[in-house]
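Scroll down for the structure; my scribbles are underneath it.
The values are calculated or read from the model by the stated rules, or taken from the named source; none is laboratory data. Every value quoted in this text rests on a predicted model; they were computed, and no experiment measured them. Reconstructed Cβ throughout: ideal geometry from the backbone, glycine too, with neighbour counts over all protein chains shown.
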Amino acid sequence: DTEVTQTPKHLVMGMTNKKSLKCEQHMGHRAMYWYKQKAKKPPELMFVYSYEKLSINESVPSRFSPECPNSSLLNLHLHALQPEDSALYLCASSQVGRSGNTEAFFGQGTRLTVV
Amino acid sequence: QQQVKQSPQSLIVQKGGISIINCAYENTAFDYFPWYQQFPGKGPALLIAIRPDVSEKKEGRFTISFNKSAKQFSLHIMDSQPGDSATYFCAASMDYRDDKIIFGKGTRLHILP
């Protein structure tokens, strides 16, 4: 199983809503990531979890709150978002340190629209 | 220092032709260079990757050429097919330091049938 599964695939939310994005992998990877991707742009790193601990936070606004409940799951809690936060949110996973010939596997993403 | 510069921004190639995408980096601490392929509405998928101790890596129609002294690497797609039409991102990371992947800005490739 080399899949990273993200739910939901699409999400429309108002600026006062609270919602969560979910990500799951069963490859035994201990590094998990959230990326944000705007149209025609590369993915931008938001957060990295390594062994269920937040290891990198790329100065993301507090309206985005990540959570890693266990080694297979990664959540991104959303609250009071702005229309400019509309984007494709990608989850990825890899082995920690990615030594050897390992790779980061990406999910299909959640297409988020903030209205 | 953390940037990966990618060119061209867009590329149109005839079916059967060779598609070439180039990338350059500054940080010599990078030691892993993957290429990702992304179709519209999908997440990026690893296409091929190389480490700086190798000058070339080939997998099927896809070849990475790596020039360590020039700090450049490129993707060649031989016998390009319409199904190769996608956005391609080169990337770089420091495997043993942290888990960041630094992406280039991407190349939108269109293969004419």
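Below is a table of values for the structure above.
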{"item": "Residue within the range A:32-41 that is away from every other protein chain (no Cβ under 13 Å) and either surrounded by fewer than 17 Cβ atoms within 10 Å (Cβ to Cβ) or within 18 Å of B:Pro44 (Cβ to Cβ) (or both) present", "result": "no"}
{"item": "3 or more residues without any contact (Cβ under 8 Å) to a residue 24 or more places away in the chain and out of contact with any helix residue (DSSP H, G or I) (no Cβ under 8 Å at 6 or more places or on another chain): qualifying strands (runs of 3 or more DSSP E) within the range A:1-80", "result": "A:44-50, A:53-57, A:64-70"}
{"item": "Qualifying residue in the range A:102-114 (condition: free of Cβ contacts under 8 Å to residues at least 40 places away in the same chain and within 14 Å of chain B (Cβ to nearest Cβ))", "result": "yes"}
{"item": "Checklist (1) polar (S, T, N, Q); (2) touching a residue at least 12 places away in the same chain (Cβ under 8 Å); (3) surrounded by fewer than 21 Cβ atoms within 10 Å (Cβ to Cβ); (4) assigned to a loop (DSSP other than H, G, I, E, B) applied to B:Ser69, failing item", "result": "(2)"}
{"item": "Selection from the range B:30-46 of residues that are facing chain A (nearest Cβ under 10 Å) and in a strand (DSSP E or B)", "result": "B:Tyr32, B:Pro34, B:Tyr36, B:Gln38, B:Ala45, B:Leu46"}
{"item": "Matching residues in the range B:1-21 - criterion: being out of contact with any strand residue (DSSP E or B) (no Cβ under 6 Å at 6 or more places or on another chain) and more than 21 Å from B:Gln81 (Cβ to Cβ)", "result": "B:Gln1, B:Gln3, B:Gln9"}
{"item": "Single condition B:Ile101 does not satisfy, out of (1) in contact with a Ser or Thr (Cβ under 6 Å, 6 or more places away or on another chain); (2) facing chain A (nearest Cβ under 8 Å); (3) surrounded by fewer than 22 Cβ atoms within 10 Å (Cβ to Cβ)", "result": "(3)"}
{"item": "Residues of the range B:5-30 that turn out to be modelled with pLDDT under 95 and crowded, with 17+ Cβ neighbours inside 10 Å, as a count", "result": "1"}
{"item": "Evaluation of B:Asp79 against (1) within 14 Å of chain A (Cβ to nearest Cβ); (2) in contact with a Gly (Cβ under 9 Å, 6 or more places away or on another chain) (one fails), failing number", "result": "(1)"}
